[in-house]
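The values are calculated or read from the model by the stated rules, or taken from the named source; none is laboratory data. None of the values given here were measured: they were computed from a predicted structure. Neighbour counts run over all protein chains shown; Cβ positions are idealised from the backbone, glycine included.
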Amino acid sequence: MPRALTDFEQTMRPVVVISGRDGGTAEYDNLATTTAVTIDYVHHKVHEGDTWESSYKTPDASPIADNANLDILIVVGDERAHFTFEGACGGDAEILLYEAAIPDSNGTRLADANMNRNSFNGPTTATYHTPVIAAVGNQLRNTFLPGGTKNQATGGTTRTGTEWILRTNTTYLLRLTNRAGSAQPASLAVQWYEK
């Protein structure tokens, strides 16, 4: 175990100061380690006010029928959306992501909540629930969400770990399909930052 530094040694240690564009300085841990305090880029985008989240659950947590869908339409604007999602269902389900979906109707606009509640930045991407879909587009992902079936259902949740960088000016469909053999409550949430 390294010995503790004396007060004199602590005051004589060189300190590197990194100035930010706003005149602030980088933070570092206590004098025992003098390790720079850092955050990852995704966390930084929240601080910058460039990260949003939208979510939708079955109304009043009422269930969706077996083999029925819960859909969120993602309409990407001029900025690249760095996108993750999560889903939950009261029983077995599939979560599918499609690119170049063609809607007959976008559905109902969702609130895109900026995750920095002190920021008034708005996204170029828009999200909608219960769209009417003419064509689902190209399937990018199909994930099984285990949660049980019929009266043995206990529910489950899943979240993507690595982001998708969605194509600009393209429409995506995120679909949860109930496969529990009985009606189940369900929800979807999407989160993205733009760059």
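General remarks:
- Where a residue in region 168-194 is farther than 13 Å from Thr130 by Cβ and crowded, with 24+ Cβ neighbours inside 10 Å and its partner, wherever it lies, is at pLDDT 95 or above and charged (D, E, K, R), with Cβ under 6 Å and at least six apart: Tyr172/Glu99; Asn178/Asp66
- Residues satisfying the stated conditions in region 114-151, i.e. outside any loop (DSSP other than H, G, I, E, B), polar (S, T, N, Q) and surrounded by fewer than 17 Cβ atoms within 10 Å (Cβ to Cβ): Asn138, Gln139, Asn142, Thr143, Asn151
- Residue selected from region 181-195 under the condition within 27 Å of Trp52 (Cβ to Cβ) and not in a strand (DSSP E or B), by the criterion nearest to the chain's Cα centre (by Cα): Lys195
- Only one of the numbered conditions (1) touching an Asp or Glu at 6+ places or on another chain (Cβ under 8 Å); (2) of a type outside the set (S, T, N, Q); (3) within 21 Å of Asn178 (Cβ to Cβ) is violated by Val42, and that is (3).
- Where strands (runs of 3 or more DSSP E) fall wholly inside region 64-104, the ranges with 2 or more residues that are of a type in the set (Val, Ile, Thr) and either surrounded by 23 or more Cβ atoms within 10 Å (Cβ to Cβ) or modelled with pLDDT of 95 or more (or both) are 69-75.
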